[in-house]
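*Asks:* Let me give you the structure first, and then I'll get to my questions.
Here, each number is a calculation from the coordinates, and none is a lab measurement. What you see is a predicted model; the values in this text were computed from it and never measured. Every residue, glycine among them, receives a Cβ derived from its backbone with ideal geometry; neighbour counts consider all protein chains shown.
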Amino acid sequence: MKIKDDIAKFIEYFEEAITDVAKVDNRLYKKILFACMLDALAIARFPKHNVEERIKSLLLNCTTCTDLNRVSLVQASLHLDHVLSVKEKADSHVFITISKDISKMRSGHVYKGSDVDPYYSQLEKLATEKEKSILKLSRYVDLFYAYRNEMVHGFKVPGYPFEKNTDDVPYYHGLIGEPWQLVFPVPFFQYLCEEALKGLKKYLGGNNINPYDQYEFGHMWVKSKKLLKIKAT
C-alpha cells in the first residue's frame with residue numbers, strides 16, 4: 001500500500017509542477033523548467049543511465065510521441081554539409097534526396113514537422129554508416145537533447161526561430177536567404193512532460209516500483225556516490 005501511495009504522491013507533485021510552470025510568462029524560462037522536469041522524471045525510470053541516455057530513453061519509452069523518431073531534413077542537411085566533403089556530398093544518395101525534398105518547401109509557408117520530415121527508418125536504407133550517425137543526431141529526440149543543452153548551458157535556444165504560442169508540435173518557418181528554422185514550441189515541451197508522466201505512472205504502478213527509491217535524500221548536497229570514490233582512495 002505504501003508504494004501505491006508514494007507513486008500517487010510522486011505523480012501529483014509533478015502534475016502540480018506542470019500546472020505551475022505553464023503559468024510562467026517567459027518562454028525561455030518555461031522551456032528550461034519543463035526540460036529540467038523531464039530530467040527529474042527520467043531518474044525515476046532510468047536511474048543508472050547518464051543524463052543524455054536517461055532523457056532520450058524517457059522520451060522514447062514513456063511517451064507516445066512517434067515524431068521523436070523523425071529526422072529533421074533541414075538539420076540533417078546542415079549536419080551533412082558540415083561533415084561531408086564535396087565529393088562525398090556529390091556521391092551521397094541521402095544528401096541528394098534530402099536536398100531535393102527541402103527544395104520543394106515553398107517560401108513563406110509554415111510546415112508542421114510531421115508533414116515534411118521522414119522517420120529515421122525511411123532514410124537509413126539510403127545512408128552509409130557515416131551518414132547514419134549524422135541522421136541519428138538529426139532525429140527529433142536527439143535534437144531535443146541538443147536544444148535542452150543549449151538552454152541549460154547557454155541560456156538561449158538554438159537557431160533563429162520565430163515562435164508562435166499556439167502550436168503544440170514542431171514546425172518550420174522560413175526567412176529569406178536563410179535556412180528553414182525548426183521550432184520546438186513551448187506547448188510541445190509541456191506535452192512531452194505530460195506524456196512522460198503518464199507513461200512513468202503506468203510503468204511504476206505496473207512494476208510496483210517506489211519512485212522515491214531512485215533518488216537520494218538527506219542533508220548532504222554532494223552525492224554519496226561521489227564521496228565514496230574519495231573514501232576508497
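*Asks:* From the set of residues in segment 40-83 that are without any contact (Cβ under 8 Å) to a residue 40 or more places away in the chain and of a type in the set (D, E), which is farthest from G199 (Cα to Cα)?
*Replies:* So the residue we want is D81.
*Asks:* If we keep just the residues of segment 17-62 that are of a type outside the set (V, I, T) and not in a helix (DSSP H, G or I), which is surrounded by the most Cβ atoms within 10 Å (Cβ to Cβ)?
*Replies:* F46
*Asks:* Can you tell me how many residues within segment 162-183 are in a loop (DSSP other than H, G, I, E, B), free of Cβ contacts under 8 Å to residues at least 60 places away in the same chain and surrounded by 16 or more Cβ atoms within 10 Å (Cβ to Cβ)?
*Replies:* 1
*Asks:* Here is a follow-up. Answer yes if at least one residue in segment 114-125 is part of a helix (DSSP H, G or I), of a type in the set (D, E, K, R) and surrounded by 13 or more Cβ atoms within 10 Å (Cβ to Cβ), and no otherwise. Spell out the reasoning first.
*Replies:* Residues of segment 114-125 part of a helix (DSSP H, G or I): 114-116, 120-124.
Those still in the list that are of a type in the set (D, E, K, R) too: 115, 124.
Then drop every residue that is not surrounded by 13 or more Cβ atoms within 10 Å (Cβ to Cβ), which leaves 124.
Within segment 114-125, one or more residues are part of a helix (DSSP H, G or I), of a type in the set (D, E, K, R) and surrounded by 13 or more Cβ atoms within 10 Å (Cβ to Cβ).
*Asks:* Name the residue that is farthest from K31 (Cα to Cα), counting only residues in segment 136-161 that are touching a Phe, Trp or Tyr at 6+ places or on another chain (Cβ under 9 Å) and either part of a helix (DSSP H, G or I) or in contact (Cβ under 8 Å) with a residue 40 or more places away in the chain (or both).
*Replies:* K136
*Asks:* A further question on this structure: So in segment 93-113, with the set limited to residues that are in contact (Cβ under 8 Å) with a residue 24 or more places away in the chain and farther than 14 Å from L73 by Cβ, which one is surrounded by the fewest Cβ atoms within 10 Å (Cβ to Cβ)? Break it down into steps so the answer makes sense when it comes.
*Replies:* First, the residues of segment 93-113 that are in contact (Cβ under 8 Å) with a residue 24 or more places away in the chain: 93-95, 97-98, 101-102, 105, 107-113.
Add one more test, that the residue is farther than 14 Å from L73 by Cβ, and what stays is 93, 107-110.
On the way: H93: 13, S107: 9, G108: 7, H109: 10, V110: 12.
Among them, the one singled out is G108.
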